[in-house]
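The values are calculated or read from the model by the stated rules, or taken from the named source; none is laboratory data. Everything quoted here is computed from the prediction, not taken from an experiment. Positions of Cβ are backbone-derived with ideal geometry, glycine not excepted, and every protein chain shown enters the neighbour counts. These area figures cover heavy atoms from the full protein model, side chains too; ligands, DNA and RNA do not enter into them. Shrake-Rupley method; radii C 1.70, N 1.55, O 1.52, S 1.80 Å.
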Amino acid sequence: MKRRIIQILSAALIIAMLAPTAAMASDRRGPLALTIDAKAAVIMEASSGEIIFEQNSTDRLAPASVTKVMTMLLIYEAIAQNRISWDDIVTTSEHAASMGGSQIFLEPGEQQTVRDLTKAVVIASGNDAAVALAEFISGSEESFVDLMNKRAQQLGMSDTSFRNACGLDTQGHFTTAKDIAIMSRELITKHPDVTEKATIWMDTITHKTPRGESEFGLTNTNKLVRQYTGTTGLKTGSTGEALYCLSATAVRGDMELIAVIMGANTSDIRFGETKKMLDYGFANFKVVKGELAGTVVGEVPVAKGATPTAAVMVQELISNVTEKGNNSELTAEIIIHDNISAPAPQGTIAGEIIYTYEGEEIGRTSLITEEAIEKAGFTDMTKRIFHIWFR
């Protein structure tokens, strides 16, 4: 009897010892335990924005030069809005030239194109280049920082406060692994051409000063560009307070992942743990996607239009992340309005498409008109009446 009690107590002790370990090591939806050697980490699937792993993801931490993801986003948005162009000339201020830290050694009064300064930010993490561009876009770094914080709020980055454009340690300058993933997703999905610069390993710019011209080499601070297959970017960072940080993006097949790590103790740990996160995401998950944005899925009747119907297309891609081995299919319900009235501009909402996966709605997006619809003229109406009479 005593021996039986001892066996039961031993078994209970083993279970008690194992249970907390499993709980601490598991993530919120993955099939395998994953623990990252850093203060905080996140893995996000880019098309859906779904987080598939997180560790202290909302802890407010110093981000170092990963700050420049927001700076890069605002540069690319300014280009897209035609507020600046790649060939515009930027004159370096005393303030920009004084940044220190990671820099390309711009001199006061030195002129560079937006294109070359952006290369210096994306590839070599130049603090001076980032501030010069910030001043060019907004007039001052302070005004640009206001724009950074406003954009962060628009994106739902509720645990972020920027104090500069480059990421130098400053009181009140912080963000989280989750917020970094959010702004990284916005950059790579809305401005995918950033990967052209983010995947360059080595390049040069030409310094132009009163003393003459000289070549300056740029080497990518993101070693994953050469070390990890499928890497598309994005931004490293390191300071005394932040330690070693990284927002890495990579593509395998039709899935792109964003892996963010903050507060790793060494550079090697930063890159090694990021590879581990990316491997984990690609090995265990897949993405199922609806129709691509711009895909025509039907027609809507047009009242008083120059044409009786108009093509409607999907406004936004909807996708869902699931574990590999799950063979469930995405289903779509297309709902088109009874009609729309002419005239109507391109992009008029004419219905919606609703996606479900395993019986649950995962998202919906509007169906919009592919082209502008003109109101029918007298000739159009006459032709239509004759067509009906003599059909």
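Just a few scattered comments:
- Accessible area per residue in Å² at 1.4 Å probe, computed on region 221-302: 37
- You can think of it this way: the chain between residue 251 and residue 331 has 26.3 nm of extra reach, that is 0.36 nm per residue less the Cα-Cα gap.
- Selected from 237, 260, 100, residue furthest toward positive end of dipole (the chain; charges at beta carbon): 260
- Cα-centre dipole for region 42-189 with unit charges at Cβ (Lys and Arg positive, Asp and Glu negative), debye to 20: 240
- Taking 0.36 nm per residue of separation and subtracting the current Cα-Cα distance, fully stretching the chain between residue 95 and residue 113 would add 4.7 nm.
- By accessible area, using a 1.4 Å probe on protein heavy atoms only, the chain has 52% of its surface on carbon and sulfur.
- For residue 304, a cut-off of 20 angstrom between C-alpha atoms picks up these lysines, skipping any fewer than 8 places away in its own chain: 375, 383.
- Bridging of residue 276 to aspartates and glutamates at a Cα separation below 18 Å is possible for 27, 37, 45, 54, 256, 268, 323, once same-chain residues fewer than 8 apart are set aside.
- What you get for the chain, charging only the Cβ of Lys and Arg (+1) and of Asp and Glu (-1), is a dipole of about 1160 debye around the Cα centre.
- Summing +1 for each Lys or Arg and -1 for each Asp or Glu among the other residues whose beta-carbon sits under 11 angstrom from that of residue 89 gives -2.
- Options (i) 26.5, 102; (ii) 21.3, 69; (iii) 24.3, 80 - which one matches Rg and Dmax of the Cα atoms in Å as calculated here: (i)
- 20 Å cut-off, amide nitrogen to a point 7 angstrom out along residue 341 Cα→Cβ, residues in region 288-315: 300-311
- Relative contact order for region 232-276: 33 percent, from Cα pairs under 8 Å spaced at least 6 residues apart, divided by residue count.
- Over all projection directions, the Cα-based convex hull of region 244-325 averages an area of 8.1 nm².
- The chain: relative contact order as a whole-number percent, Cα under 8 Å and 6+ apart: 15
- Inter-label distance, nm, simple model (7 Å from Cα along the C-beta direction), residue 349/residue 161: 3.7
- Full-extension gain in nm, residue 170 to residue 304, via 0.36 nm per residue minus C-alpha separation: 42.1 nm
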